[in-house]
Amino acid sequence: MDVEEMAKKATMKDLKAIAKKHDIKLGRCPTKLKIAEKIPRDELEALVKK
């Protein structure tokens with residue numbers, strides 16, 4: 001499964017929480033895909049499997 005498919009399955013709230021945990025700057029208007037590309041892949045996979 002690629003990052004784009006995983007981003008579609010995850011919620012914005014969960015993606016933002018992971019980004020905040022890793023101190024990732026999101027910018028002015030982040031999309032789910034942009035956040036998903038910046039966070040670690042293993043965290044994203046774990047989020048989708050929930």
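Key figures
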| read-out | value |
| --- | --- |
| Scope the chain; condition of a type in the set (Lys, Arg) and not in a loop (DSSP other than H, G, I, E, B); matching residues | Lys8, Lys9, Lys13, Lys16, Lys20, Lys21, Lys32, Lys34, Lys38, Arg41, Lys49 |
| Qualifying residues in the stretch 4-32 (those that are of a type in the set (A, V, I, L, M, F, W, C) and surrounded by 14 or more Cβ atoms within 10 Å (Cβ to Cβ)) - the one nearest to the chain's Cα centre (by Cα) | Leu15 |
| Pairs with Cβ under 9 Å, 6+ apart, first in the stretch 5-34 and within 12 Å of Leu47 (Cα to Cα) and at pLDDT below 95, second among the small types (Gly, Ala, Ser) and open to solvent by 60 Å² or more (accessible area, probe 1.4 Å) | none |
| The stretch 41-50, subset closer than 15 Å to Asp2 by Cβ and under 9 Å from the mean Cα position of the chain (by Cα), residue surrounded by the most Cβ atoms within 10 Å (Cβ to Cβ) | Leu44 |
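The values are calculated or read from the model by the stated rules, or taken from the named source; none is laboratory data. Just so we're clear, the structure is a prediction, and the values are computed from it rather than from any experiment. Note that we place each Cβ from the backbone using ideal geometry, even for glycine, and neighbour counts take in every protein chain shown. When the accessible area is computed, the model is the full protein with side chains, heavy atoms only, and any ligands, DNA or RNA have been set aside. Shrake-Rupley method; radii C 1.70, N 1.55, O 1.52, S 1.80 Å.
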